[in-house]
Amino acid sequence: MPDMIFPPLRSVHDFVSASARFGLPDSQDVHKWNNRVINNLHYYQSNYFVLAICGPGALVWTHANVKRWSRSTRMGTCSS
């Protein structure tokens with residue numbers, strides 16, 4: 001099996017920046033949209049991988065903590 005080289009993680013600012021560096025392509029040009037999506041997935045693939053792994057885990061962890069906090073406040077045992 002050939003050696004796999006993973007692309008580097010891009011900075012959070014670069015990944016979720018509110019200001020787009022490029023304008024939206026013409027909505028009528030499907031080829032440009034496809035090209036843009038493919039390039040985005042290639043450039044940020046490590047970030048998307050980390051998000052796909054950590055995102056659901058964070059949701060489960062948060063949900064479990066909310067349920068635990070809710071249960072402890074009903075019983076009057078909240079220590080905060």
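List of remarks:
- Cα→Cβ-extended label distance, 7 Å offset, between His13 and Phe49, nm: 2.5
- Label-point separation, Asn40 to Ala58 (7 Å along Cα→Cβ), nm: 1.9
Bear in mind these aren't lab numbers, they're just calculated from the coordinates by the rules spelled out. The model shown is predicted, which means the values in this text are computed figures rather than measured ones. Neighbour counts run over all protein chains shown; Cβ positions are idealised from the backbone, glycine included.
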